[in-house]
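Here's the structure we're looking at; comments come further down.
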Amino acid sequence: MTMKLSYDGPFAVITLDRPDALNALQFQMLQAISDAADEVAASDARALIVVGAGPKAFCAGADIKELMDRSLMEQRQGAQLGQRAFDKIAKLHIPSVAVIHGYAFGGGLELAMGCTFRIATERARMGLPEVKLGLIPGYGGTQRLPRLIGEARALELVMSGRTVDAKEAERWGLVNRIVEGDDPLALGKQFMSEFIGYGLCASQFAREAVVRGLETTVEAGLAIEADLSTLAYQTKDAVEGMTAFVEKRKPEFKDV
Ligand code: CAA
């Protein structure tokens with residue numbers, strides 16, 4: 001298999017495992033990622049980590065050889081498959097991180113952008129180079145990139161196909177932070193350990209308020225926030241969290 005789903009304590013781990021082709025995404029890998037997202041959604045994992053095998057790449061994008069000689073409808077179905085797979089990751093009830101330790105191009109960066117967070121090592125290089133192939137991004141890049149880094153910078157990257165290094169990506173907000181180390185999984189675990197100690201209710205409501213609010217006006221977003229924060233007060237975890245504070249002890253959240 002060129003994509004593996006495994007579990008490591010509280011973490012679900014998706015490994016793109018095709019290092020000889022820099023983990024380039026074949027259609028069967030997109031389907032496997034989509035199926036893996038369903039499996040993770042039904043698991044009791046607290047966070048998802050996405051990594052690429054081998055020292056050179058997180059993922060060099062869609063498999064260009066496979067993209068050739070396909071009919072119009074097949075191309076459209078391929079784009080929809082990639083979009084659906086990455087959207088499932090974006091909509092998981094648990095947070096996710098892509099650990100970019102080398103190249104993340106095209107579909108590879110689009111997969112990373114479907115994750116809640118991205119972290120990168122100094123060696124990371126990222127871009128949406130589709131324009132160089134006479135193409136445009138098709139697995140969510142034209143939509144997620146401007147939401148992450150703004151219209152002007154997104155257009156610069158999409159229309160020039162330029163590669164950015166880890167420092168520029170961090171400055172632009174494309175990655176959350178630059179991390180040091182050679183083991184992507186260990187780096188992902190270390191980063192995600194900040195998020196897994198809290199109840200899933202609060203963590204989900206918080207993420208939902210931010211993500212849904214970005215799709216609408218401030219006024220409608222404030223209404224979403226009022227509803228979700230009110231809902232949070234109704235959870236047993238909120239009672240536990242506030243009681244633990246008053247009793248000066250560590251809360252025990254139960255995701256209810
Ligand atoms: N598809 C298929 N094979 C790929 C690939 C890709 N996207 N990227 C790399 N490979 C293969 C190469 O063909 C090569 O295989 P062989 O050894 O059999 O020739 C192997 O991986 C190693 O690659 P390189 O020899 O090119 O390695 P390099 O270090 O010299 O260069 C690179 C690395 C700059 C990432 C270069 O491989 C490259 O430019 N790759 C293509 C990147 C790209 O254009 N990605 C976008 C794809 S289109 C897309 O993703 C559309 C979309 O939105 C869905």
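Here, each number is a calculation from the coordinates, and none is a lab measurement. This is a predicted model, so every value here is computed, not measured. Positions of Cβ are generated from backbone atoms using ideal geometry, with glycine treated the same way; all protein chains shown enter the neighbour counts.
Here are the numbers for this structure:
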| quantity | calculated |
| --- | --- |
| Nearby lysines by direct alpha-carbon distance to K88 (threshold 30 angstrom, same-chain neighbours under 8 apart not counted) | K4, K56, K65, K132, K167, K189, K236, K254 |
| Full-stretch length increase - R84, S193 - with 0.36 nm per residue and alpha-carbon distance subtracted | 36.5 nm |
| Rounded if a/c under 1.5, otherwise prolate or oblate - the range 2-62, Cα gyration tensor axes | oblate |
| Principal-axis tilt of helix 236-246 within the chain, Cα atoms, nearest 10 degrees | 60 degrees |
| Residue-by-residue Karplus 3J(HN,Hα) for the range 6-21, coefficients 6.51, -1.76, 1.60, Hz, glycine and proline x | 9, 10, 9, x, x, 9, 8, 10, 9, 10, 7, 10, 9, x, 5, 10 |
| Förster-model FRET efficiency, 35 Å R0, A42 and S160, C-beta, rounded to 0.05 | 0.25 |
| C-alpha long axis of helix 72-90 to longest principal axis of the chain, angle in ° | 30 degrees |
| Within the range 1-33: backbone nitrogen closer than 17 Å to the E240 label point (7 Å, Cα to C-beta) | 10 |
| Cα gyration tensor shape of the chain, rounded if a/c is under 1.5, else prolate or oblate by comparing a/b with b/c | prolate |
| The range 108-123 and the range 182-256: distance between their alpha carbon centers, rounded to Å | 22 Å |
| Fully extended contour minus Cα-Cα distance, from S71 to D35, at 0.36 nm per residue | 10.5 nm |
